[in-house]
1. In terms of modelled amide H atoms, which long-range or inter-chain residues lie less than 5 Å from the amide H of L31?
2. So, taking all protein chains as they sit and a 1.4 Å probe, how much accessible area belongs to K472, in Å² rounded to tens?
3. Net charge near K677: determine it from the other residues with C-beta under 12 Å of the C-beta of K677, scoring Lys and Arg +1 and Asp and Glu -1.
4. For an R0 of 41 angstrom, estimate the FRET efficiency from the Cβ-Cβ distance between C872 and A663 and round to the nearest 0.05.
5. Could you tell me the calculated FRET efficiency between Q456 and S485, based on Cβ-Cβ distance and R0 = 30 angstrom, to the nearest 0.05?
6. Please sort by residue number the chymotrypsin sites (Phe, Trp or Tyr not before Pro) in region 609-647 whose DSSP state is loop and whose Cβ has at most 16 other Cβ atoms within 10 Å.
7. For D838, D628, what's the largest-to-smallest order of accessible area, 1.4 Å probe?
8. Where in region 450-464 is the amide nitrogen less than 20 Å from a point lying 7 Å along the Cα-to-Cβ axis of D534?
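The values are calculated or read from the model by the stated rules, or taken from the named source; none is laboratory data. Bear in mind the structure is a predicted one, so any value in this text is a computation, not a measurement. Cβ sites come from the backbone with ideal geometry, for glycine too, and all protein chains shown count toward neighbours. Quick note on the areas: whole protein, heavy atoms, side chains included, nothing else; ligands and nucleic acids left out. Shrake-Rupley method; radii C 1.70, N 1.55, O 1.52, S 1.80 Å.
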Amino acid sequence: MFYVPSSTSPSPVMETAKLVQKKLGQEEVCLQCVECSRIVEGKRLVRFAAVVERKEEYGIFIFMSSRIPCLQSSDLELETAIAVDSSLRCHAEAPTRQDKPHPEFVLRLQSADVNLVLEMPQVENTQMFLAEVKRAQDFASWTPVQSMNAAFGALASFTWLAKYRLSRQKQQQQQQQQQAPPASENPFAADTFDPMKHMNLSDTGAHVLATDVASSSQSTWYQDDMAALSLSDTTAQKSSTLGSKNRSQSRDSLDKIVNSSRSEDLTDSMEAIQGQLGISSGAELPVGTKPVSSREKFVRQFLCNREDEFTDLRNFRVFCGTWNVNGQSPAEALHKWMVVDNEPPDIYAIGFQELDLRKEAFIFSDSPKETEWQTAVKSYLHPKAKYRKVKSIRLVGVLLIVYIQEKHVPHINFIDADSVPTGIMGFVGNKGGVSVRFTLHSTSLCFVNSHLAAHQEEYERRNQDYRDIETKTKFKQFEPPLELSEHDVVFWIGDLNYRIDMCIDDVKSRIQKQKYKQLLEGDQLYRQMKANSDVFKGYEEGLPLFDPTYKFDAGSDVYDTSEKSRVPAWCDRILWRGPGVQQLRYDSHPQLKVSDHKPVSSLFNVGVRVIDQKRYKRVYEDIMKKLDRLENDYLPQIKLDKTELVFENVKFIEPQTQVVTIANIGQVPVEFEFINKLDDQSYCRPWLKATPHKSIILAGACCEVQVEVYVEKNSAARLNCGEENLEDILVLHLTGGKDSFITVSGNYLISSFGSSIEALVQMHGPIREVPVASLIEIEQPGSLSRVDITQDGGRLYMVPKEIWKLVDFLHKYGLDKKDLFQQPGRTSEIQLIRDCLDTGLPEQISETMSVHSVAESFLLFLECLAQPVLPCEVYSQALASSNNLLLSKQLVSRLPDCHKNVFLYVCAFLRELLQNGEQNGLDIKFLSTIFGEILLRPAPSTSLARSSEASLKERKSKIREEEAKKAAFMYHFLSQDIDA
């Protein structure tokens, strides 16, 4: 199995792969396609090479194209189809000319009737193509696999390639018949001109290509991000490419690595077998790869269970560092923090928080601070070793950088990253976590850097932030996405913001006397971990035998002397989870004074499992023999403890979970997966989730599947208006066995969250008191036109009473509140606010509610409206008029009255907030951006169409442009009082 990362941006070659697919049979799949040059008698002919698979048999197809770029399938013409069998010799060579800007790889394909030389550009698709070729060749050459296929009567025949070869022969015959007249009839037949003979091909500049049409070289972003890739033992260089995530990531990281072969023929390598089976504990298959057969999935599972038999533990030194830099630039030498021992660490994981405190940074804008700190970290790595960056990822002010010693690069694989914002509504990323994971030898490592909610009393909010990061972090290059809990070792660093619940005088007294253990008794995090709560359950932390690291007067060692006089606390922490981890030291570094926090570091010995190839081979062969005996003797059998799930009284944003136990009652392992129903895009409705949705159960074992119902903003509107019910059927598919069915049903308590403005202004009482039939009727388009206001009860509200209640509370208690619409609320309080609005009990929102919880509820309510405040049909007009005040005003004046009233009411409230800007710290740019995103939204179908047609670069550019226009539109109405 090779690591083939999922691409997030289409490229011309990827589009060509789709065109190749159209020319293939129904059971044939184009795995990869790359544009290349075929070398024929010194000439370079433009070709497209594709790896095609059919029922575990592989072929390499070489296509010519009538034009470059290739735009439709009819442009492609098959030149040759090569069977990837044991007789095919594949030899890949790294570039020999490193002085060229983008040197080519050379792939030689040799067999009894084939001798091809291909030159391939140094782009990401080449890596992916070579990985597929090597995987196919390894599979064709493995004796164990060939024996397995023979046992099932499935010896490779490649008869499916015959039709392509026959078709090509017919084309060649037709071309010969349609050739020009013989030389005797053509006076110019001898006058041939070969421009290649008159050109200096040794020139180190651009290549000259001989092709059917003129071709210009097309540079891509990948070319700037790749180092030389070694695919033979003539060079020891390794690959280094850039991930195409839309987050901030380093351009020199080891983001995608293709394992280098150690043998000239790329065959019979035990390392290839190891990679093919993906035996690393907890690591699933990356997206884009597939196992050779279902049987190999079981082999992989058995290998994981017997891993101790063929691995040895080897200690690796890991340095973890965290620092909240308070928006400052690096002004001090970092070696006092990063070099704590004479022996250089094998791995560095450096985390920063509050990298950039500008208002613009809260809307995910680029940050110049990142470059400054990236450069500083690179400059102060341990001087006794050479390092390569594995990956870096930034979420606004939270930055994580991971380095590894260069000598370990050949043994690192499956690199991925993710980020989880925990700011208000998950929209503003001022708080959250970023993660980097990879596999070193046969141990999976993950590093998490987080910045949790601030303030002494907000420890429950911090707990919720931890839960969100722990559960929502998904490494999506794996199928299914990998979670934090599935890693062997996890390091969690960052400004966790947990405080000490003691008075400031007692804290300072104990600090002066260095009575740290007494201080720990009041530490919020320590108490929860000691009480065995769910917060950081399973994690460990060494005793922080150093002064609390927060809060200092900047540039000094003096604790906070400001008016707030904050209690000193160990906000900055380093925790870990997993076996074989030994903490060597845990320090703070008060010498660095640029921030109001002190940096913290910790050095670990981590036991990493290293494979012994000889022992591994013995275990592998033993497993294959056992499977041979079991394969045809037994069929998979399971038993479900329940096949019907009923969820009662499901509420908006309040999850309910039930457990289904799947028992393997057969005598062989079973693989199950919840599969899509006919014509469905997913195995379940958006409000439903099964975890895990696929797995392997050993004989006699059980698997508990958590089935969760969770209605959020994307589902609420359809459930409110009756378009959808809480009903679904889960199809549980067994590989090689029968399907089972689990019915899911329930009743949803209709909420004002997700209702339309038209319906809300007609409701005189709480939504729960409205009969369902009446509610469905007033949710229908045009219901307002049927209201007779002359009849009793026919009056309409100017704005929905729910919006009035939320704004009224914020007006009373939040005008001068700091961090409004930036600090997230508490989930439990938001649920109470929902109940208050939906049931009318209590009549008003309780004064004890946090202003931040009400503010987040207000944003959530507006975002959940069935139609945005500015309806979807005027979205394009609003963007077009965003730079013109008069046009914007005219557009609002033409809105339906209920939508216009809500828009003007919200704008009036926001203007009043801005009048109190000195107290609350809000500015017009921030509010325009936040509310522009919520009040102006395109129709979902439009968004999907745009995202599917455009490239990633075009989509990102379009999104930025639309964000700016939405903010500009809102700016008109927040900068002045406009009576539309």
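1. V51, V52, E53
2. 110 Å²
3. So the surrounding residues net to -3.
4. So the FRET efficiency works out to roughly 0.25.
5. 0.50
6. Counting only loop positions with at most 16 other Cβ atoms within 10 Å, the chymotrypsin sites (Phe, Trp or Tyr not before Pro) in region 609-647 are Y634.
7. D628, D838
8. Counting backbone N atoms under 20 Å from the label point, the list is 452-453, 458-464.
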